[in-house]
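So the structure is just underneath, and the comments pick up after that.
The values are calculated or read from the model by the stated rules, or taken from the named source; none is laboratory data. Please read all numbers here as calculations on a predicted model, not as lab measurements. A quick note on method: Cβ atoms are made from the backbone with ideal geometry, for glycine too, and the neighbour counts reach across all protein chains shown.
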Amino acid sequence: MQQANPSSDKAPRRLDALIIGAGFGGMYALHRVRGMGLDVHLIEAGDDVGGTWYWNRYPGARCDVMSIDYSYSFSDEIQQEWTWSEQFAAQPEILSYARFVADKLDLKRDISFETRATSVHYDEDAALWRIETDRGDLFEANYCLMATGPLSVPKQVDIPGADRFKGDLYLSGKWPHHDVDLKGKRVAVIGTGSSGIQIVPVVAEQAEHLYVYQRTPSFTLPMRNRKLDEDYVAHIKAHYPGLRAVARHSLTGGVRPITSRPVFSVTPAECEKLLEDAWQHSGLAFLGLFSDLLTNRDANEVVAEFVRGKIAETVNDPDTARRLTPRGYPIFARRPCLDTGYYEAYNRDNVTLKDCLEHPILEITETGIRTAEGEVEVDIIIAAIGYDALTGAMLSIDIEGRDGRRLKDKWADGGRSHLGLMIEGFPNLFVIAGPNGPSALANFILLNEQNVDWVCDCIEHMRAGGLRSIEANADAEDRWMDKVTTLGSHSLYPTANTWYTGANVPGKPRTFPVYIGGFGRYREICADAAAEGYRGFTLR
Ligand code: NAP
């Protein structure tokens, strides 16, 4: 892989801006900041671009946002040149797309790969960020852009005995770059979130036997993926500007139907028909079916019950169907999954569901997994156990702001920020798709673009006005946090144990750091703050 490493004599390399992370946010940031004529460099831990799509190469990995939404909108040339092959693209195609964009924009000449930021400290007198890496590089930059991603720190396997397993143990979020042959192997999958649900049907077809260790059952809906034909692609390409405009002003940053129809405004028969149509069409349609799914528990229960019925219809063994059936939390309060053949996989003779609510995993042994039911011997364990999300990546770096303030202390009770973009006490440190923005609920690529555009406009504003620094005000940050928390508390989201709330990581403070007012509204709020001379920020 081409390297663009800075000098090796450890003299600091002076930059206008340093970007951390070469996922879709960092890649676009590099393009934009470079386009402003600034001296900019990017450091990335992996050996290629792509971020989450570089690391997550597990069997079945696929995006459950439609390709025509989950792609850059900033360049019509890229939109016209790139052709998606499927409605929901698989990981290899998305990674190829990231590489295509990197080549097209000649990004790699300004990227140091296999380089991880270890410390990021602010020197207030010089108004500079000093960044050290695990390769011993030193950078000094006026602006530091954290494009480190909301889902980039996989949870480590915290089950006793994991280190003595003699077979192969893989994390879905750190999948190896060599081929993993599952044919004829006894495989265990731990975890049934979005990742596990994609892994199960694919591994079931290859493994001699697959054991699925499920703790909390997820609701999953049929993806109904399809190849995109030429006419459809031509139509999309002809209408991209309009489609993107709709997406930018939508709730989640995607082109999909929305409605103001509450569940109980239709008769039970009409409701059933709408749900059945959505089930047959694509699970994605469920999200635009009713307006009160995440505010009215009774309404939510109607839809949950419909999906429970589908599980009972699909899974042949009633006991397995019962164990796969989610109860005790609202549908969609955990991220909805879209699958291809997930429930059907349990009708195969070579797939066994292990219910960890009844029999928790006690330990991993040298040869397998032990619960109170006994030991199951396996050759391979796939841990699809999720992420230290939203705050994990930034907290894994030693970040110190003004007056020696440490991010670890500032975020001890949960991630705080103003607009998900900046943190009081940390001037000129910009977060891309950070906590308290709409991150978990928005189309990440469009959110990345909007965040980067806001940051670049801000930097241009500062340079034009001869300003050295910008920092979020404490009172503005407090008000934003109140707004995020209050909006969240009026929804059903905080009622489920998910990575949205931090409940998936033992000891992590439980908050709900996601702005749920909608992507379109969020854009307006950010734009208004800028238009009013960066209201809520102090410029020096
Ligand atoms: P996740 O949703 O957090 O699911 C992790 C699963 O592992 C849960 O079922 C969890 O059970 C289980 N688990 C964790 N620790 C365990 C333990 N010690 N023993 C047994 N089970 C354990 O993580 P994910 O599936 O990686 O998905 C995370 C997010 O990544 C998704 O919500 C989505 O935003 C994104 N993603 C997207 C796609 C896509 O676009 N299709 C695909 C994959 C991921 P509990 O719930 O009981 O803790």
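Counting only residues that are among the basic types (Lys, Arg) and without any contact (Cβ under 8 Å) to a residue 40 or more places away in the chain, the stretch 69-111 holds 1 of them.
When residue 167 is tested against (1) out of contact with any Leu (no Cβ under 9 Å at 6 or more places or on another chain); (2) buried (at least 17 other Cβ atoms within 10 Å of the Cβ); (3) closer than 30 Å to residue 202 by Cα; (4) in the same structural domain as residue 420 (by TED's automatic domain parsing), exactly one condition is not met: (4). Could you list all residues from the stretch 455-482 that are of a type in the set (Gly, Ala, Ser) and touching a residue at least 60 places away in the same chain (Cβ under 8 Å)? 465, 469, 472, 476, listed by residue number. If you go through the stretch 232-260 and keep only what is closer than 25 Å to residue 306 by Cβ, surrounded by 14 or more Cβ atoms within 10 Å (Cβ to Cβ) and modelled with pLDDT of 90 or more, you end up with 250, 251, 252, 254. Return a yes/no flag: does the stretch 307-320 have any residue that is aliphatic (A, V, I, L, M) and modelled with pLDDT under 95. Taking every residue of the stretch 307-320 in turn, none turns out to be aliphatic (A, V, I, L, M) and modelled with pLDDT under 95. Selection of the stretch 424-447 for residues being without any contact (Cβ under 8 Å) to a residue 60 or more places away in the chain and in contact with a strand residue (DSSP E or B) (Cβ under 6 Å, 6 or more places away or on another chain) yields only 424.
Of all residues being farther than 23 Å from residue 121 by Cβ and free of Cβ contacts under 8 Å to residues at least 24 places away in the same chain in the stretch 372-413, which is surrounded by the most Cβ atoms within 10 Å (Cβ to Cβ)? Just the residue, please. Walk me through it before giving the result.
Narrowing the stretch 372-413 to residues farther than 23 Å from residue 121 by Cβ: 372-387, 389.
Next, only the ones that are free of Cβ contacts under 8 Å to residues at least 24 places away in the same chain stay: 372-375.
Values: 372: 9, 373: 11, 374: 9, 375: 14.
The extreme case among them is 375.
Cβ separations smaller than 8 Å between residues 6+ apart or across chains give no pair from the stretch 51-68 residues that are closer than 13 Å to residue 96 by Cα to residues that are hydroxyl-bearing (Ser, Thr, Tyr) and within 8 Å of the ligand (Cβ to nearest atom). Figure legend. Inter-residue proximity from the stretch 132-151: first residues closer than 21 Å to residue 469 by Cα, second residues crowded, with 24+ Cβ neighbours inside 10 Å and aromatic (Phe, Trp, Tyr), beta-carbon distance below 6 Å, spacing 6+ or different chains. Indicated pairs: 141/129; 144/129; 145/430. Quick one: in the stretch 201-220, which of the residues that are closer than 24 Å to residue 69 by Cβ and in contact with a strand residue (DSSP E or B) (Cβ under 6 Å, 6 or more places away or on another chain) is surrounded by the most Cβ atoms within 10 Å (Cβ to Cβ)? So, considering only residues that are closer than 24 Å to residue 69 by Cβ and in contact with a strand residue (DSSP E or B) (Cβ under 6 Å, 6 or more places away or on another chain), the one surrounded by the most Cβ atoms within 10 Å (Cβ to Cβ) is 220.
Each residue in the stretch 266-290 was checked for being under 20 Å from residue 490 (Cβ atoms) and modelled with pLDDT of 95 or more, and 1 of them qualify. All conditions in (1) hydrophobic (A, V, I, L, M, F, W, C); (2) within 16 Å of the ligand (Cβ to nearest atom); (3) buried (at least 19 other Cβ atoms within 10 Å of the Cβ) hold for residue 357, with the sole exception of (3). The residues of the stretch 149-189 that are within 16 Å of the ligand (Cβ to nearest atom), in contact with a Ser or Thr (Cβ under 8 Å, 6 or more places away or on another chain) and under 23 Å from residue 360 (Cα atoms), listed by number, are 154, 161, 165, 172, 173. When residues of the stretch 98-137 are filtered for being surrounded by fewer than 16 Cβ atoms within 10 Å (Cβ to Cβ), in a strand (DSSP E or B) and of a type in the set (A, V, I, L, M), how many remain? The number of residues fulfilling the criteria is 0.
Inspect all residues belonging to the stretch 187-206 and state whether any of them is among the acidic types (Asp, Glu), in contact (Cβ under 8 Å) with a residue 12 or more places away in the chain and not assigned by TED's automatic domain parsing to the domain that holds residue 499.
Here is the first cut: in the stretch 187-206, the residues among the acidic types (Asp, Glu) are 205.
Checking the rest, the ones that are also in contact (Cβ under 8 Å) with a residue 12 or more places away in the chain come to none.
Within the stretch 187-206 (the criterion being among the acidic types (Asp, Glu), in contact (Cβ under 8 Å) with a residue 12 or more places away in the chain and not assigned by TED's automatic domain parsing to the domain that holds residue 499), the answer is no, since none of the residues qualifies.
Here are the criteria: (1) surrounded by fewer than 20 Cβ atoms within 10 Å (Cβ to Cβ); (2) touching a strand residue (DSSP E or B) at 6+ places or on another chain (Cβ under 6 Å). Tell me which single one residue 505 does not satisfy. Only one criterion in (1) surrounded by fewer than 20 Cβ atoms within 10 Å (Cβ to Cβ); (2) touching a strand residue (DSSP E or B) at 6+ places or on another chain (Cβ under 6 Å) is unmet by residue 505, namely (2). Among the residues of the stretch 202-243, the ones that are under 20 Å from residue 382 (Cα atoms) and in a loop (DSSP other than H, G, I, E, B) come to 6 in all. Residues being in a helix (DSSP H, G or I), assigned by TED's automatic domain parsing to the domain that holds residue 415 and of a type in the set (A, V, I, L, M, F, W, C) are represented in the stretch 483-492 by at least one member. Taking the stretch 458-515 as the range and being of a type in the set (A, V, I, L, M) and within 14 Å of the ligand (Cβ to nearest atom) as the test, the residues that pass are 496, 503, 505, 514.
Can you tell which of 277, 317 is surrounded by fewer than 20 Cβ atoms within 10 Å (Cβ to Cβ), over 30 Å from residue 79 (Cβ atoms) and touching a Phe, Trp or Tyr at 6+ places or on another chain (Cβ under 8 Å)?
Working: 277 fails: touching a Phe, Trp or Tyr at 6+ places or on another chain (Cβ under 8 Å).
On inspection, the qualifying residue turns out to be 317.
Mind checking which residues of the stretch 261-271 are part of a helix (DSSP H, G or I), aliphatic (A, V, I, L, M) and either surrounded by 14 or more Cβ atoms within 10 Å (Cβ to Cβ) or not assigned by TED's automatic domain parsing to the domain that holds residue 189 (or both)? Please lay out each step first, then the result.
So in the stretch 261-271, the residues part of a helix (DSSP H, G or I) come out as 263-265, 268-271.
After this cut, where a residue has to be aliphatic (A, V, I, L, M) as well, the list is 263, 269.
263 - this is the single residue of the stretch 261-271 that is part of a helix (DSSP H, G or I), aliphatic (A, V, I, L, M) and either surrounded by 14 or more Cβ atoms within 10 Å (Cβ to Cβ) or not assigned by TED's automatic domain parsing to the domain that holds residue 189 (or both).
Looking only at residues in the stretch 75-94 that are surrounded by 17 or more Cβ atoms within 10 Å (Cβ to Cβ) and in a loop (DSSP other than H, G, I, E, B), the one that is nearest to the ligand (Cβ to nearest atom) is 88.
Which is assigned by TED's automatic domain parsing to the domain that holds residue 137, outside any helix (DSSP H, G or I) and within 16 Å of the ligand (Cβ to nearest atom), of 46, 50, 25, 37? Let's see the steps before the verdict.
On the way: 46 fails: within 16 Å of the ligand (Cβ to nearest atom); 25 fails: outside any helix (DSSP H, G or I); 37 fails: within 16 Å of the ligand (Cβ to nearest atom).
When all the criteria are applied, what remains is 50.
Listed here are the residues, each with its yes/no results for (1) of a type in the set (Ser, Thr, Tyr); (2) within 15 Å of the ligand (Cβ to nearest atom).
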| position | (1), (2) |
| --- | --- |
| 327 | no, yes |
| 330 | no, yes |
| 334 | no, yes |
| 346 | yes, no |
| 351 | no, no |
| 364 | no, yes |
| 371 | yes, yes |
| 382 | no, yes |
